[in-house]
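Below is one structure, written out as structure tokens; the observations come after it.
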Amino acid sequence: INKAGLPASPFRHGPMPAFQEEDLFTQMLPKEAGRYQLLYSLDPTNPNSLSAKGVILWDMRLFEEALEAFEQALSLNAEHQISLEYKASLLIILDCEKEANLLFEKLLQTDGKKSGLYYSRACAYALLNRFDEALTDLQQAIALDEDYREQAKTDPDFDLLRDLEAFQKLANAR
């Protein structure tokens, strides 16, 4: 969670949009209530804000609402990279795998930062308890960008995998 109360994005495509500093009231609220307040303060005409909303909803495990936020962002900017990646992952989680795979394949052909795509799909598979697929994609992400090794160690999307021997070997290899 960053200073503005946003969950850390699993993708490293630059900083999230700027938000106003939290006021004393927000700092006193429980984490979830602060997130809800932030959700309603985001600009609904800005794809970056809508994407941030989607990330918050993802972190709260409100996947259908998150998908809606990413689709709103894409209606404003059809090439919004973070929204496209999250949408593809959410489609897996929401059992629209054929559409998800088509979107992933399109993104893999056009995106130079393929490591984030593999990491994203690994997160989605992990949340569905599809551990073999999650580990395969996580391994690919780490092979392309070593930073994902450290990120995976604390990413809540991998909580169910963390105790598996295969995950431990992958996370601790150097």
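The values are calculated or read from the model by the stated rules, or taken from the named source; none is laboratory data. Everything quoted here is computed from the prediction, not taken from an experiment. All Cβ positions, even for glycine, are placed from backbone atoms using ideal geometry, and neighbour counts span all protein chains on display. Heads up: the accessible areas ignore ligands, DNA and RNA and are worked out on the full protein's heavy atoms, side chains in. Shrake-Rupley method; radii C 1.70, N 1.55, O 1.52, S 1.80 Å.
Quick look at the numbers
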| quantity | calculated |
| --- | --- |
| In Å², nearest 10: area of E71 left accessible to a 1.4 Å probe | 80 Å² |
| List S115, S75, ordered by accessible area with a 1.4 Å probe, largest first | S75, S115 |
| Segment 81-174, accessible surface, carbon-and-sulfur percent (1.4 angstrom probe) | 49 percent |
| Accessible-area ranking of S49, S41, largest first, probe 1.4 Å | S41, S49 |
| Added length on full extension, which subtracts the Cα-Cα distance from 0.36 nm per residue, L144 to R61 | 27.1 nm |
| Estimated inter-spin distance, T45 and S75, nm [label 7 Å along Cα→Cβ] | 1.5 nm |
| Pairs from K98/K169; K98/K153; K53/K87 whose Cα-Cα separation, in the structure shown, is over 23 Å | K98/K169; K98/K153 |
